[in-house]
Structures are given as C-alpha cells and as structure tokens.
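J.: The structure is given below, and queries will be raised subsequently.
The values are calculated or read from the model by the stated rules, or taken from the named source; none is laboratory data. Because the structure is a prediction, the values reported are computed rather than measured. In this analysis, Cβ positions are derived from the backbone assuming ideal geometry, glycine residues included, and neighbour counts consider all displayed protein chains. SASA here: full protein model, heavy atoms, side chains in, ligands and nucleic acids out. Shrake-Rupley method; radii C 1.70, N 1.55, O 1.52, S 1.80 Å.
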Amino acid sequence: MASTGVRNGGPRMSTKLDRQGAGATPKAAAGKQRLSSAAGGAYRRTSSGPLPAAGGRASSDGVSSRVRVAVRLRPRNAEELAADADFGDCVELQPELKRLKLRKNNWESDTFEFDEVLTEFSSQKRVYEVVAKPVVESVMEGYNGTVMAYGQTGTGKTFTLGRLGEEDTAARGIMVRAMEDILADVTPETDSVSVSYLQLYMEMIQDLLDPVNDNIAIVEDPRTGDVSLPGATVVEVRDQKSFVDLLRVGEAHRIAANTKLNTESSRSHAILMVNVRRSVKGRAEMDVSISGENGHSSSMMGSLRPPVIRKSKLVVVDLAGSERIDKSGSEGHTLEEAKSINLSLSALGKCINALAENSPHVPVRDSKLTRLLKDSFGGTARTSLVVTIGPSPRHRGETTSTIMFGQRAMKVENMVKLKEEFDYKSLCRRLDIELDKLIAENERQRKYFDDEVERIRAEAQCRIAEAERECKITLENEKMKYHQEYLDSIKILEEKWKIHQQSPKKQIKEVQSTSNDVGEVHNLLQNEKMLRQSAEEEASDLKNQVSHWKKLEATATAEVVKLRKMLDTEASQKEKLEEEIGVLRSQLLQMSMEADETRRSLDKGDGPGKIFPGLDSLVSQTRSSQPREQSNGPKQPIAKLFEQVGLQKILSLLESEEPDVRVHAVKVVANLAAEEANQEKIVEAGGLTSLLVLLRSSEDETIRRVAAGAIANLAMNETNQDLIMAQGGVTLLSMTASDAEDPQTLRMVAGAIANLCGNDKLQTRLRGEGGIKALLGMVRCGHPDVLAQVARGIANFAKCESRAATQGNKVGKSLLIDDGALPWIVKNANNEAAPIRRHIELALCHLAQHEINSKDIISEGALWELVRISRDCSREDIRMLAHRTLTSSPTLQAEMRRLGIKM
C-alpha cells in the first residue's frame, strides 16, 4: 500500500491552532467549523486572529496573527510539454480541502496543508482576493501589511505580483489591484497615498524610480526598532494611471537576464512600499461655558481633542527566484548574481526557521533582505505569502524546498498593532482661529464701550453748556431790561423835579403824581423781584439737571470699571497663552539640540542629494511616534513642534540677538528643509532670504555650515534654484567656500553648488558668478565627502552641457575645460572611493561626447581612462556610454588607431 505522510495539521499543531481560533468572531468560527467538517474532522486549519477595533489606540498590546500562506501552481510551459510528455506532474492539488500532494514516486507521496491552494486555472482576481485583499483591508484600517511571493525561477512570481495588464485587464497583478482598492477607499481632501519602488541587487538597495540613487542606507530606530529607508524616492499617488506609469518606469530599470530556466529572469528582489495616511472622522471637540462675575459669562474652549491620523504601510515583495547553477546555466556576472540571490534567500530561510522554532536569536542582520522584512516576519505587520511552484518532475527538489519554506512560514506569529496619532496641525489651526476670534471680540467690545462712554460724556457736557448759556443770556436780558426801566424812571423823575422847581403851584400836584410814580416804581421793583426769583428757580432746575447728568456719568463710569475688569480677565487669558507660546519656543530650542546630536551621529550616512539625510530620517521617524499625553512623557518631534509653533515664529528666531537661539533656529529650519513637503512653505515665508542673509553676515561656523546645508536641500527644487541665483546665492556660496576650512561646511557648500549644476538654464550664470571655480577650489580639503560632492557637481554640469550640445543649444569648448577641471577629472577617474569614481567616470564620458573637446581629451591623457571605463567599469550603463562615445567620435577613433588600441 502507498504510504501517505501529513506534514501539517497533525495533533501537535491542532492544540495551538484551537487556541488561536478561540478568539475569532462567530462568523469566522462558523467558517472554520464548515471547513473542518468538509475535511472529515482529520485536519484543522487556522486563520489569522481578529484585528482590533478601528477606534483602538496605538499601544504596546497587539493581537496575534499567523502568517497566511497560499500555494499557486504554474501550468506547464511549451518546453515542459515537449520534454516531460511521458511523465506525470509531481504535484497533485486538492483545492477544496486546501491540500497538496507531492509525489515521490508512483506509490508514495507527502501531503501538505496550506491556507489556500490555487490551481493553474485560478484567475488573477481569485489570487488577489484570497492572498492580498485581506491584507489591503487591514492596511486601510491602520495596520501594516506585507504580501510576498517566493519560489523557483520561472514559476510566476512576477506574473502574480507585478503584471500591469495593460493589454488585458484580467491579467493585472496584485500590485495594480491593491493600489486600485486603496485609491478607491481614500478621500483626496484628507488622506494621502505615497509610493516607493526599490530593488535589492547584489546586497545594494537601488531606487527603481531614480537609478542614480543606487546605494540606499537602511536606518533603524534604536528605540522602537522600526526600519526605514530615508534616502528612497517617495512619490505621492493621486490616480491609478500615474501609479501604473511609476510601475512601468520601475520595471524598465529592474535588472533581468536570460537563463535556461527563464528567458527574462529577475536578478533582484523588487520591493514596493505604499504608505497610507488617513484621517479618522467623528472626533468632536467640546466647548465649555464658564460663568463670570456679575452674571456675565464667557465662552471658553474647555477641551479640544485633535483629529486622529492613522498611518499604515503596505509592502509588496517580489523575491528573485531561487535556482541551481547547473540547471540555470549561469556563468560570469550572472553566476555572481545567482550566488547573491541564493545567499539572501538562505538568510531569509534561517530567520523563518528561528521564528518557527521560537529560537531566542533570529539572525536578521545576515542580509539586507531580512532587515527589510523584519516587521513582516515576527513583527507587527499582517503578512500573506504566496509560494509558486511548477508541475515538472525534473524540478521536484526545488518544488519540495519551496513547499517546506511555506510550511515553516505558517508557524510564524506576528503581533498586529494599530498605529494612530493625533493631528496636532489641525488642532493648532483651530486654536489660532479661536484665539483670533477672542482677540477680535475683545477689541470690538472694548472699542464699543469706549465709544459709548465718550458719547455719554460728550452729550452731558453739551447739555450742561447749553443750560448755562441759556441761563446766562436770560439773566443778562432781564438785567438790561430792568436797568433800562430804572434809568427811564429816574429821567422822568428828574424832569418832574425840574418842573416842580419852576412851578411851585404845581408842586403839590407833582408830589401827588410823584407819589403815584413812586408807587409805580415800587410795583415795578416788586415785579423785578418776582422775575428774578423765577430766574433763580429756573437756574436751580438747571443745576438739578446738571446733577442728574453727573449721576448718569457716574453710572457710566461704573460700567467702564466693570468692562475694565472683564478686559483684565481677557488680558490674563492672553498672558497664559503667551506663557504656552514661551514653553513651545523652549521645546523648539530643545528639539533643535536633539536634532543636532542626531545629525552628528548619522553624518556619515548622507546620500548624493540631501545634505541632512540623518535628520530627515529623524523627522520621518518621529512622525510615526505616539503623541505626548503626559507632561513627563517623550518630547514632541520637530515636525509637530513646527506645526504647533508656526513657521513664521521659527524664522523670526533667526534674527534673535542671542547666539544660541539663532543656532538652534537655523538647525530646525535646516531639518525642515530636508523634507520636500516643507520646502515650498519655507521659501514662501522668506526662509531662503533669511538663510542667505545668515550666510552673508554670520561669522559663526556652525550657523554657516547648517545654513549652507539648508540651502543645499532647497536647491534640489528647480524653482528654488532660480531664486537662489536671483538673490546672489552662488556668489555667497563661493565666498563661503573660499573662507571655510571645516570639511563639513565645505561639504554643505559643495552639495548646494552641485545641485545648482544640474539646471540646464543656469549653466552660463553659474560659471560667470564663480560657481565652477569655487567647486574646484574645494578639492584642497581632500576630505572624501567633499570630493564626492565636487565630483557630483562636475558630473551634473557635464551632463547638462552634453545635452545642450546634442540639442544644438551650445557650441564651443566645454566651460569645465576652460576652467581647468579636466586634469583633476583625469587624476580622480580611478579613485578608490566608489561615489567619487562613479561621478568622475560619468562626467568624463559626457565631456567626450562633444567632438570639439576631443583634442583636450587626448592631450590630457583622458583617452586611456575612457578605454579603461569602457572595459572595466562596474556600472553597465556607464560602461556602455563610454563605449558608445569612443565609437562615435572620429577624432578619438583616429587616435586609437594610431596608438594601436582595439575596442
């Protein structure tokens, strides 16, 4: 009888799997029960444990989730149909039972269980739904996820993961379908999706979106252990078409070769990283009304909870195929590639074995591949693995190895964690808006009350003045009237007296008339007294009115006092806000000091583009950290401190009279400038002008070094390059290069000029303002980092000149040759440092492409270096460029024939 062995699902595993299934949802438990019944009760499969609720907080507690493994069988190809026509397949699939039988011979076979078994007839859509879709859904909920393909060369890994399906949409692979689901589930206004596409070739991480970036460093957070690639190109994706274009560009740069097992065999591991940032809605703020004095109330912000941001990462890994040298027929460089691939896959297998056996030591540092996949196996990501196999019995050994790799991977447990953080940027904006509203309302009320008091006071003064004026006029009129009547009476009496003196006879009559007149005068005097009394009474009434208005003024004054108390309360609140701003400013200074220490520790890891890659890594790492909830917790990261304090406030510190404050502020600005998303804001806020002013006026070496580094990062943008040139930036950088002695300062200045050298429109101006001479003058330092930046600048300048000459926009000899750069280029063309040698070789090839430079190339001895580059250069693209340059130049060909040099 045939003996059948079961490699998965035995009694030892069932107990552990039962424990995992105990925490599943009722729906998942019911599914397991149905699957168990279909298998006759002899086998029990597992599913990944339930994920936490979407609203859970990021914490150290996670949920166990086993690595899910699916196996996919490739149909026989034309070669196998012809060669193995008389032999049966070495594998037999039982997809309804999730089993696979591997035949040893006609009588014996081994049986294995997987989470999914996909036949050769399974569609790409079916593969995506059972392998990658659960991982993609977890990523959209805030968890990290990994989808990986493993198998022998030519078994369909790249077809499963990276097929673009431009001719037939049904043939689309997991990468395209996953991005389609992600873009359909995000909101463009609040969410963002960014992509990096890399390859691991010969233990070097290369950027498939920017081939010049060919040795990216891996950075590991010493506190959390998270692994990141700060030097990789990150592109934000808005639609499916742009993502497919990125994949097409990356696949064009991926290294492949023709072997006996596959006509287009991938010679590198491809890694697609998709970073998803989502805003969680439904978090409301709460306004609390606090009662004030005398029944007045003021509405204040009692508790503001910022929006929650979920950050997750999807990693899709297309591993290079394992192969045996005798079967693939690899030789020469292809043999070295195969050795490197097998070594990295062997290191991955060792890590899987250690994790499956719960070994205390997992050798993740044996390979860069295992370091990159540290979070996928035994980490916090939800991982799905698809192992691809072929049916041919000739490759039974490789098929067995692939199946056993998948079986061991199924034993690996990950602790899935939800990653959330608070969006302090929007909270800061709301606080600023609320503060502006309070200040405006305070100013409006104060202006209203001041105007009301002035109006009441002016009205009272007008009424008092009017009453006094009327009273005075009335008294004057009465006085004049009575005085005139008195004068008239006296005059009449005098006339009568004269008549009486002249006529004694009439004296008696006159006396009588006089007595009558005196009676009339007496009556008049009485009337005058009554009128005067009435005038005094009227004056008294006016005085009462004046007293009444004074009382009204006192009441208004009391209201003003009350308003002033309210203003004092508002002023105290303003002082509290100013104290908080002071605390934030101190945190800003403290974080800049931390960033400076981190830059020093990572100073040796900078790439050719950014001058502060270590500090850029610090910013990206601190963004994913949890927010500070207690006063004695971890310090806020620089990016969040920038969002809370505001860019204008940080830039204002550049003009501080205190040297330490100025140093810390320029360091923070430099760290922010290392991130492309902040560069436009810095330039719009006048940060570029402030940095150039510091470079011109400061005598502090640290300030000049950091300011030059920030300018170098800003110079990576073409728009900023025009601004730097317009504001005399090249002249300032040249002066700094001639004065500085510190290698790090020279490295920053050289990096800034090197970035400007890559702009076609600035060639003549850059050389006219002394940029090339300053670049060549810095070689006096002799430091490798400085020489690398100088070589990069010369390569950029030569490349732009070559392109301009090809387009017919430039005639005449190269400006680099006119400035005497060729002897230095020839001297360093075979430099021991790889970055210097690579850029110098590239610059020499571009110079030789222009026929008018050929005589100088020959006279300076550069022809021999070009011949060496075309034969021995490690970079195939540079080697081919040198060969093409030598064969296309008549002058160089004639000289080579004269010297007897053969290509």
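J.: For segment 111-152, what is the accessible area per residue in Å² when the probe is 1.4 Å?
T.: Result: 27 Å² per residue.
J.: OK, next. Would you mind listing how long segment 652-771 runs along its three principal axes, going by Cα atoms, in whole Å with the largest first?
T.: Here the Cα extents, ordered largest to smallest, are 40, 32, 20 Å.
J.: Multiply the residue separation of ARG457 and LYS104 by 0.36 nm, subtract the distance between their alpha-carbon atoms, and state the gained length in nm to one decimal.
T.: Computed gain between ARG457 and LYS104 is 116.1 nm.
J.: Within segment 397-491, what whole-number % of the accessible surface is contributed by carbon and sulfur, with the 1.4 Å probe and all protein chains included in the calculation?
T.: After summing per-atom areas, the C and S share lands at 57 percent.
J.: Taking 2.2 N^0.38 Å as the expected size of a compact globular protein, what ratio does the Cα radius of gyration of segment 824-889 give against it, to two decimals?
T.: 0.98
J.: Quick check: from the Cα gyration tensor, does segment 712-838 come out rounded (a/c under 1.5), prolate or oblate?
T.: Verdict is oblate for segment 712-838.
J.: How much of the accessible area of segment 144-188, in percent, comes from carbon and sulfur atoms when a 1.4 Å probe is used?
T.: Answer for segment 144-188 is 47 percent, counting heavy atoms of protein chains only.
J.: Determine the per residue accessible area of segment 689-768 with all protein chains present and a 1.4 angstrom probe, expressed in square angstrom.
T.: Value for segment 689-768: 35 Å² per residue.
J.: To continue, here is another question. Can you tell me the length gained on complete extension of the stretch LYS339 to THR119, counting 0.36 nm per residue apart and subtracting the Cα distance?
T.: 76.1 nm
J.: Dividing the alpha-carbon radius of gyration of segment 778-881 by 2.2 N^0.38 Å (N being the number of residues), what value is obtained?
T.: Scaled against compact globular proteins, the figure is 1.00.
J.: Moving on. Pulled fully out, how much extra length does the chain show between HIS783 and THR474, if you take 0.36 nm times their separation in residues and subtract their Cα-Cα distance?
T.: Difference between extended and current length: 101.0 nm.
J.: Calculate the dipole size of segment 121-179 relative to its Cα centre from +1 charges on Lys and Arg beta carbons and -1 charges on Asp and Glu beta carbons; express the result in debye to the nearest 20.
T.: 140 debye
J.: Which log10 I(q)/I(0) values, to two decimals, does segment 332-394 give at q = 0.13, 0.19, 0.27 Å⁻¹ under the Debye formula with one point per Cα?
T.: Values, matching the q order: -0.45, -0.83, -1.15.
J.: Of LYS761/LYS799; LYS104/LYS411; LYS437/LYS574; LYS241/LYS681, which ones are farther than 18 Å apart at the Cα?
T.: From the list (LYS761/LYS799; LYS104/LYS411; LYS437/LYS574; LYS241/LYS681), the Cα-Cα distance tops 18 Å for LYS104/LYS411; LYS241/LYS681.
J.: With a point put 7 Å past each Cα toward its Cβ, work out how far ARG871 is from ASP568 in nm, to one decimal.
T.: It works out to 9.3 nm between the two label points.
J.: Just to be sure I understand the model, the point goes 7 Å from the Cα along the line to the Cβ. What's the resulting LYS496 to LEU81 distance in nm?
T.: Distance between label points: 15.9 nm.
J.: So, one more: What whole-number value in Å² describes the accessible area per residue of segment 439-494 for a 1.4 Å probe?
T.: Counting only protein heavy atoms, the per-residue value for segment 439-494 is 80 Å².
J.: Right, next: Under a point spin-label approximation (7 Å from Cα along Cα-to-Cβ), what is the SER652-GLU528 distance to one decimal in nm?
T.: Between SER652 and GLU528, the label points sit 7.6 nm apart.
J.: Okay, moving on. What is the packing order of peptides 445-453, 883-891, 646-654, 408-416, taking the mean over residues of other C-beta atoms within 10 Å and listing the highest first?
T.: Ranked from most to least packed, the peptides come out as 408-416, 646-654, 883-891, 445-453.
J.: Right, here's the next one. First compute the accessible area of segment 770-836 with a 1.4 Å probe, then give the percent of it belonging to carbon and sulfur atoms.
T.: 52 percent
J.: So, one more: Quickly rank 564-570, 769-775, 190-196, 381-387 as a protection proxy: mean count of other C-beta atoms within 10 Å, highest first.
T.: Those peptides, ordered most packed to least, come out 381-387, 769-775, 190-196, 564-570.
J.: Further question on the same structure: Going highest first, how would you order 482-495, 343-356 by mean Cβ packing within 10 Å?
T.: 343-356, 482-495
J.: Sticking with this structure for a sec: By its C-alpha gyration tensor, with a ≥ b ≥ c as the square roots of the eigenvalues, how is segment 104-145 shaped: rounded for a/c under 1.5, else prolate for a/b larger than b/c, else oblate?
T.: oblate
J.: Taking LYS133 as the anchor, which aspartates and glutamates have their alpha carbon closer than 12 Å to its alpha carbon, excluding any fewer than eight residues away along the same chain?
T.: GLU180, ASP181
J.: Count neighbours as other Cβ atoms within 10 Å of each site's Cβ, and list the GluC sites (Glu not before Pro) in segment 674-743 that are DSSP loop with at most 13 such neighbours.
T.: Those that pass, being in a loop and sparsely packed, are GLU699, GLU741.
J.: Quick one: grab the alpha carbon gyration tensor of segment 124-219, order the square roots of its eigenvalues as a ≥ b ≥ c, and give me rounded if a/c is under 1.5, else prolate or oblate depending on whether a/b is larger than b/c.
T.: Taking the square roots of the gyration eigenvalues as a ≥ b ≥ c, segment 124-219 is oblate.
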